[in-house]
Amino acid sequence: PLCAPGCGVPPAWAARLGATGFLISECCFPLFKAKPGKAKRVRTIFSSEQLARLEQEFARQQYLVGQERCLLASSLHLTEEQVKVWFQNRRIKWRKQSLEQQQAKLAKMG
């Protein structure tokens, strides 16, 4: 069932998607609400410029700590935590890609 207009507050992502009349409000499905005292973390959406710079830094070095992370975060208008997590996730992606490439080489060789 769809909520009546003005029935509840649409999710934060709704405005970014430009969604309006077809949203299902939190008030209709209380089971989906976050636990009391727990704030739901909003997913960071990086701009193409931010991603390009992050990828450039990752190509230079896979671990970014201390002052370097602080300076990069500041120059990209991100928090240090966002940069830290991006690098963690990017290392995982890199390891997975490396493993897949190795497996493909082994499969090719027989």
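Points to keep in mind about this one:
- Positive end of the dipole of the range 48-107 (Cβ unit charges, origin at the Cα centre): among Cys70, Gln101, Gln82, the Cα lying farthest that way belongs to Gln101.
- Expressed in Å, the radius of gyration and Dmax of the Cα atoms of the range 48-107 are 13.5, 44.
- In sequence order, the range 105-110 has phi-based couplings of 5, 5, 5, 5, 6, x Hz under the Karplus curve 6.51 cos²θ - 1.76 cosθ + 1.60, θ = phi - 60°, and Gly or Pro positions carry x.
- Remark: the range 42-110 carries 76 Å² of accessible area per residue (probe radius 1.4 Å; ligands, DNA and RNA excluded).
- Computed in the context of the full set of protein chains, the accessible area of the range 48-107 at 1.4 Å probe radius has 54% of its extent on carbon or sulfur.
- Sequence-distant lysines (8 or more away, or on other chains) whose Cα lies within less than 29 Å of Lys40: Lys84, Lys93, Lys96
The values are calculated or read from the model by the stated rules, or taken from the named source; none is laboratory data. All of these numbers come straight from a predicted model, not from anything done at the bench. We place every Cβ from the backbone using ideal geometry, glycine too, and count neighbours over all the protein chains shown. Ligands, DNA and RNA are stripped out before the accessible areas are found, and what is left, the full protein with its side chains, is counted by its heavy atoms. Shrake-Rupley method; radii C 1.70, N 1.55, O 1.52, S 1.80 Å.
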